[in-house]
1. Once you have a ≥ b ≥ c as the square roots of the Cα gyration tensor eigenvalues for the range 50-91, tell me rounded if a/c is under 1.5, and otherwise prolate or oblate according to whether a/b is larger than b/c.
2. Please report the spacing between the Cα centers of the range 7-36 and the range 79-129 in Å, no decimals.
3. Can you compute the modelled spin-label distance between residue 11 and residue 85, with each label point 7 Å from Cα toward Cβ, in nm?
4. Let's test this: bin the Cα-Cα distances of the range 2-67 at 10 Å from zero up to the farthest pair and state each bin's percent.
5. At a temperature of 10 °C and a viscosity of 1.306 mPa s, determine how fast the chain diffuses translationally according to Stokes-Einstein, using the Kirkwood radius over alpha-carbon pairs as Rh; express D in µm²/s, rounded to the nearest whole number.
6. Taking 0.36 nm per residue of separation and subtracting the Cα-Cα distance, what length does fully extending residue 108 through residue 58 add?
7. Rank by packing, highest mean first: peptides 91-97, 60-66, 26-32, 121-127, with packing defined as the count of other Cβ atoms within 10 Å averaged across residues.
8. Using only helices, what value at 222 nm comes out for the chain when you add -39,500 (n - 2.57) per DSSP H run of length 4 or more and divide by the total residues, to the nearest 500 deg cm²/dmol?
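What follows draws every value from the coordinates through simple rules; no lab data is involved. Predicted, not measured: the structure shown is a model, and the values here were computed from it. Here the Cβ is made from the backbone with ideal geometry for all residues, glycine too, and neighbour counts use every protein chain on show.
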């Protein structure tokens with residue numbers, strides 16, 4: 001954990017235009033757009049002395065009717081990040097929940113770019129949440 005990360009979170013909280021609520025809890029934070037349903041977890045990961053800000057959200061578990069084709073859809077979307085706007089989709093353990101994550105270099109972020117990244121991430125995560133939970137008989141858009 002770095003002071004730079006905590007400073008970034010506090011600067012983002014103070015510079016908020018009111019569209020994104022950010023709550024710092026210990027050494028991480030949660031962000032949620034006003035009126036948005038999905039919570040975004042914000043954390044910091046050390047990668048060989050370089051720090052990345054990690055954004056992640058749980059998209060829930062697909063219905064049994066959607067379960068059969070969902071893994072193939074996730075693999076296809078993850079291929080080169082083309083169906084995820086550069087984010088990564090995955091399954092969380094034995095419960096089968098689907099999550100989405102993004103990794104951003106800490107040294108390239110300021111409070112404005114973090115807000116922009118949070119809004120873009122929320123849009124992608126919300127689209128995937130809706131797609132995962134849609135009726136199995138409707139066509140998917142990714």
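1. Working: a/c = 3.46, a/b = 1.66, b/c = 2.08.
Oblate is the answer for the range 50-91, as a/c is 1.5 or above yet b/c matches or exceeds a/b.
2. About 16 Å separates the Cα centre of the range 7-36 from the one of the range 79-129.
3. Output for this residue pair reads 2.3 nm.
4. Taking every Cα pair in the range 2-67, the percentages come to 19, 44, 24, 11, 2.
5. Values: Rh = 15.9 Å.
Stokes-Einstein gives a translational diffusion coefficient of 100 µm²/s.
6. Numbers: separation 50, 0.36 × 50 = 18.00 nm, distance 2.53 nm.
Going from the current span to full extension adds 15.5 nm.
7. Final packing ranking: 121-127, 26-32, 60-66, 91-97.
8. -11500 deg cm²/dmol
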